[in-house]
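S.K.: This is the structure I have questions about; it appears just below.
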Amino acid sequence: MPAGEKKSKPKKSAARKRAAQGVSLTDALAEAAWSEADLALAQALADFDEAQTADGKKARKDALERLGQALSRAARKRGLTRLKDLEEEVAYNPDAHELNEAVAKTPKTVRIQARGVTRGGEVLAKPRVAPVNRKKRS
């Protein structure tokens, strides 16, 4: 190469530059979401310890409430949502529910004991249910 001539670098196209920036922005946002979820989970672990060692009903109730809030915050950061409401009575569907106890006869109606969890359209945990015991008329 003659003296005075500069070696030129191949230039990236504008589209390639935008794509590279988009990937790093996506990675940064994903990392931030994980960090926020990690913080909420760390808080939940601490709240769980407080709930286990709480002296008295009021202290235990307060610690369990904080635990629930921290878990909800972590779930929200990861895009998780809850299915159904606690104590809700619904028609039993073996594909959609998990029975909490063995039964001799398949129940028609069940009560939600633990809500299910979804992300997008995917069910990650089915609602856990128990049969509704109806009193028979005499």
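Each value in this text was obtained by applying a stated rule to the coordinates, not by laboratory testing. Just so you know, these numbers come straight off a predicted model, no measurement behind them. Positions of Cβ are backbone-derived with ideal geometry, glycine not excepted, and every protein chain shown enters the neighbour counts.
S.K.: Does Leu99 fit the bill of being more than 20 Å from the chain's Cα centre (by Cα) and not aromatic (Phe, Trp, Tyr)?
M.R.: yes
S.K.: Evaluate segment 80-100: report whether one residue or more is of a type in the set (Gly, Ala, Ser), touching a residue at least 40 places away in the same chain (Cβ under 8 Å) and either exposed (fewer than 12 other Cβ atoms within 10 Å of the Cβ) or over 22 Å from Trp34 (Cα atoms) (or both).
M.R.: No, segment 80-100 contains no residue that is of a type in the set (Gly, Ala, Ser), touching a residue at least 40 places away in the same chain (Cβ under 8 Å) and either exposed (fewer than 12 other Cβ atoms within 10 Å of the Cβ) or over 22 Å from Trp34 (Cα atoms) (or both).
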